[in-house]
1. Of the conditions (1) in contact with a strand residue (DSSP E or B) (Cβ under 9 Å, 6 or more places away or on another chain); (2) assigned by TED's automatic domain parsing to the domain that holds residue 291; (3) buried (at least 17 other Cβ atoms within 10 Å of the Cβ), residue 168 clears all except one; give me its number.
2. Would you check if residue 104 is within 29 Å of residue 376 (Cβ to Cβ) and surrounded by fewer than 19 Cβ atoms within 10 Å (Cβ to Cβ)?
3. Which ones in segment 186-199 are closer than 30 Å to residue 232 by Cα and either buried (at least 23 other Cβ atoms within 10 Å of the Cβ) or in contact with a helix residue (DSSP H, G or I) (Cβ under 9 Å, 6 or more places away or on another chain) (or both)?
4. Consider residue 334 carefully, then state whether it is surrounded by fewer than 22 Cβ atoms within 10 Å (Cβ to Cβ), modelled with pLDDT of 95 or more and either under 23 Å from residue 156 (Cα atoms) or assigned by TED's automatic domain parsing to the domain that holds residue 109 (or both).
5. Residue check: is residue 323 farther than 24 Å from residue 156 by Cα and either surrounded by 14 or more Cβ atoms within 10 Å (Cβ to Cβ) or touching a residue at least 60 places away in the same chain (Cβ under 8 Å) (or both)?
6. For segment 227-245, which residues satisfy the criterion of being under 23 Å from residue 206 (Cβ atoms) and surrounded by 13 or more Cβ atoms within 10 Å (Cβ to Cβ)?
7. Select, from 18, 12, the only residue that is surrounded by 13 or more Cβ atoms within 10 Å (Cβ to Cβ), free of Cβ contacts under 8 Å to residues at least 24 places away in the same chain and in contact with a helix residue (DSSP H, G or I) (Cβ under 9 Å, 6 or more places away or on another chain).
8. Could you please let me know if residue 123 is in the same structural domain as residue 37 (by TED's automatic domain parsing), outside any helix (DSSP H, G or I), under 22 Å from the mean Cα position of the chain (by Cα) and closer than 26 Å to residue 35 by Cβ?
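The values are calculated or read from the model by the stated rules, or taken from the named source; none is laboratory data. In this text, all values refer to a predicted model and were calculated from it rather than measured experimentally. In this analysis, Cβ positions are derived from the backbone assuming ideal geometry, glycine residues included, and neighbour counts consider all displayed protein chains.
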């Protein structure tokens, strides 16, 4: 048994290293996208006799989908995204040359989420060899564009009826704990127009930066009020952050343009419509200011008592994971599936605290633990 565990861990480590070596930076960060990882996943499945389908999301950017198990059984969707964020500085060698050290593997995407992709590929391989024993069918999916607008997951959600999906799991680093609730996210760009003038005669112009400054201060007050709603549980409290600003061309010119980008996180009971109305109210307090949305996604709010999170949590406890369910602030692809009525959880190896960092890494034994937990969901072991 110990020998088998070491063999399995060696296989998972080598698979994860192979995936890390393939850059798949989302185009929004200036990368080439997921095409090469998509090809790797296709070849890996083909070599094991696992049939798959491609679902086009953008030209040259496809989801890879494989159904394993009897057609008359409902499937559990197990999905991980193939894209990563970009790289600015790197602390451990080169970002796409994995470094194994002290029981950890370092590399861009190691944690978010090529470890989940590794786990789910190995799960598909294992279940394909034991189809007659499956309690549920498996719908494996590797998706594109999670790190931007989640278009891959929302495209995949169009197939849940055709594929007879009864529950869904999206892979993110949760330390193999079961996440049933997370906050939603709305991202807006606010742009102010003014009138340029010489800096020595500002009264002849209309300063767009001052307009944005007044709006930013109102947004800040809203954010502070939300943070002080201590009577609400964490998962029900919204938050607001202005993360980017730009405007003007020189110190001696009255600026005729300025813009900010903000991130509004939604508590599980907040509606996107009411959030948008609140932003519009603030924007309309100034003339010559407009707002546009980059992303509007609801919260994930799966009932803990549903059979799917209950079954997964029971399997996790058998493998040493703390009892109970988690609630997190970060957003995931899970909302794509819950938005079409599929009970959805978030689960996977790794710790979100290591994602997107210059030393992104994963504890190597976590892959085997997540894999064992998932096998317990599909097989009587």
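1. Only one criterion in (1) in contact with a strand residue (DSSP E or B) (Cβ under 9 Å, 6 or more places away or on another chain); (2) assigned by TED's automatic domain parsing to the domain that holds residue 291; (3) buried (at least 17 other Cβ atoms within 10 Å of the Cβ) is unmet by residue 168, namely (2).
2. In short, yes.
3. Of everything in segment 186-199, those that are closer than 30 Å to residue 232 by Cα and either buried (at least 23 other Cβ atoms within 10 Å of the Cβ) or in contact with a helix residue (DSSP H, G or I) (Cβ under 9 Å, 6 or more places away or on another chain) (or both) turn out to be 186, 188, 190.
4. On the way: surrounded by fewer than 22 Cβ atoms within 10 Å (Cβ to Cβ): no; modelled with pLDDT of 95 or more: yes; either under 23 Å from residue 156 (Cα atoms) or assigned by TED's automatic domain parsing to the domain that holds residue 109 (or both): yes.
Criteria not met by residue 334.
5. Judged against the criteria, residue 323 is not a match.
6. First pass over segment 227-245, keeping only residues under 23 Å from residue 206 (Cβ atoms): 242, 244-245.
242, 245 - these are the residues of segment 227-245 that are under 23 Å from residue 206 (Cβ atoms) and surrounded by 13 or more Cβ atoms within 10 Å (Cβ to Cβ).
7. 18
8. Taking the combined requirement at face value, the residue does not satisfy it.
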